[in-house]
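Please read the structure below before turning to the comments.
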């Protein structure tokens, strides 16, 4: 059985957090806001932070 090293797992969570934060920032720019997507990406970022 292959076990992913802990540091790689942390790096993946960091990438997920960064991408979610970036997408949230993009969605908050002035134009029509898709609130469901904003909430979704914020939720992913919060969950990712919980695992880091």
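The values are calculated or read from the model by the stated rules, or taken from the named source; none is laboratory data. None of the values given here were measured: they were computed from a predicted structure. For neighbour counting, all protein chains shown are included, and Cβ atoms are generated from backbone atoms with ideal geometry for every residue, glycine included.
Values for this structure:
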| quantity | calculated |
| --- | --- |
| The stretch 30-46 residues that are exposed (fewer than 12 other Cβ atoms within 10 Å of the Cβ), paired with ones that are assigned to a helix (DSSP H, G or I) and at pLDDT below 80 (beta carbon under 8 Å, 6 or more apart) | none |
| Check on residue 11, touching a helix residue (DSSP H, G or I) at 6+ places or on another chain (Cβ under 9 Å) and without any contact (Cβ under 8 Å) to a residue 60 or more places away in the chain | no |
